[in-house]
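Step one of this worksheet: look at the structure below.
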Amino acid sequence: MVMVKVAPSILSADFSRLGDEIKRLEREGADWIHIDVMDGVFVPNITIGQSVVKSLRPFTALPFDVHLMITKPERYVKEFADAGADYITFHQEACGCIPSVLDDIHSFGKKAGLSINPETPFNTIEPYMDKIDLLLIMTVHPGFGGQAFMSECLPKVAEARRLVDENGYCMEISVDGGINYNTGKTAVSTGASVLAAGSAIFKAPDMKMEISRWHDL
Ligand SMILES: O=C(CO)[C@H](O)[C@H](O)COP(=O)(O)O
Ligand SMILES: [Fe+2]
């Protein structure tokens with residue numbers, strides 16, 4: 001059995017000392033660093049841009065899992081690649097040229113991810129399943145941390161897992177939003193291989209122990 005990857009979201013970190021927070025996540029056993037990029041248009045919140053990603057890059061060798069919640073992501077894929085992203089994930093709902101953006105990300109030597117909102121049906125991303133390295137299934141409405149997990153998104157996780165296993169696709173299935181130990185356990189048993197989480201990781205009394213028990217899910 002492959003170990004679950006834990007991708008803490010720095011959306012819940014102390015923004016005044018992000019470098020230290022990233023070093024702390026590495027020390028406490030995180031597998032990836034999940035970076036939520038929001039443009040105030042695709043979602044009603046503004047967070048981090050490519051220059052911040054670039055300035056954080058020297059703080060860890062862990063993969064940067066960059067989650068673009070921006071309209072027309074094709075405008076910024078190169079900037080985030082140059083800034084040091086490893087996985088670049090954009091939203092199906094935000095992009096009218098998905099195949100060419102996937103090609104662009106791969107041409108920059110990066111892993112390509114596609115994400116879908118809770119209300120977006122699975123069949124909208126099915127044609128790209130053999131072209132992506134990561135499917136990020138939102139389990140909250142994107143835009144803010146600290147929301148409640150939407151279990152109605154789980155059938156999409158099950159469907160993705162079925163297709164990956166049947167076709168031998170080499171890709172990760174990530175869930176993002178409202179993930180804690182219990183919802184993470186449900187998501188993993190449904191087929192998720194990556195848990196992206198902000199609040200539950202940063203609020204844990206012992207972050208190392210929390211990440212470690214998620215690895216055993
Ligand atoms: O993409 C996101 C929000 O749009 C975040 O990654 C996600 O919400 C993590 O925060 P939490 O674990 O607190 O729900
Ligand atoms: Fe995210």
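None of the figures in this text is laboratory data; all of them are computed from the coordinates on show. All values derive from a computational prediction rather than experimental measurement. Backbone-built Cβ (ideal geometry, glycine too); neighbour counts: all protein chains shown.
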| query | Could you count how many residues in the range 117-138 are hydroxyl-bearing (Ser, Thr, Tyr) and loosely packed, with under 15 Cβ neighbours inside 10 Å? | reply | 1
| request: Pairs only if they're at least six apart or on different chains, beta carbon under 8 angstrom, first in the range 147-173 and over 16 Å from SER189 (Cα atoms), second surrounded by fewer than 16 Cβ atoms within 10 Å (Cβ to Cβ); list them, first residue then second. | output: GLN147/HIS141; ASN167/ASP130; TYR169/ASP130
| Residue list for the range 196-217, filter: more than 14 Å from ligand 2 (Cβ to nearest atom) and crowded, with 24+ Cβ neighbours inside 10 Å | TRP214
| Boolean, GLY143 is within 12 Å of ligand 1 (Cβ to nearest atom), closer than 19 Å to GLY113 by Cβ and not aliphatic (A, V, I, L, M) | yes
| request: Filter the range 29-51 down to residues that are away from ligand 1 (no atom under 11 Å from the Cβ), more than 23 Å from ILE98 (Cα to Cα) and crowded, with 16+ Cβ neighbours inside 10 Å, then give me how many there are. | output: 5
| request: Considering every residue within the range 196-209, establish whether at least one is closer than 22 Å to GLU26 by Cα, assigned to a helix (DSSP H, G or I) and among the hydroxyl-bearing types (Ser, Thr, Tyr). | output: yes
| said: Anything in the range 164-195 that is assigned to a helix (DSSP H, G or I), crowded, with 17+ Cβ neighbours inside 10 Å and in contact with a Phe, Trp or Tyr (Cβ under 8 Å, 6 or more places away or on another chain)? List them, or say none. | reply: THR183, GLY184
| task | Taking the residues in the range 1-28 that are without any contact (Cβ under 8 Å) to a residue 40 or more places away in the chain, within 15 Å of ligand 1 (Cβ to nearest atom) and of a type outside the set (A, V, I, L, M, F, W, C) as candidates, determine which candidate is surrounded by the most Cβ atoms within 10 Å (Cβ to Cβ). | result | GLU21
| Is there any pair linking a residue in the range 121-139 that is in contact (Cβ under 8 Å) with a residue 24 or more places away in the chain and within 23 Å of ASP104 (Cα to Cα) to one that is in a loop (DSSP other than H, G, I, E, B) and basic (Lys, Arg), with Cβ under 9 Å and at least six apart or on different chains, and which? | ASP133/LYS110
| task | Filter the range 184-217 down to residues that are touching a strand residue (DSSP E or B) at 6+ places or on another chain (Cβ under 8 Å) and of a type in the set (Ser, Thr, Tyr), then give me how many there are. | result | 1
| message | Looking at the range 106-116, can you tell me whether even one residue there is more than 24 Å from VAL188 (Cβ to Cβ), aromatic (Phe, Trp, Tyr) and away from ligand 2 (no atom under 16 Å from the Cβ)? | response | yes
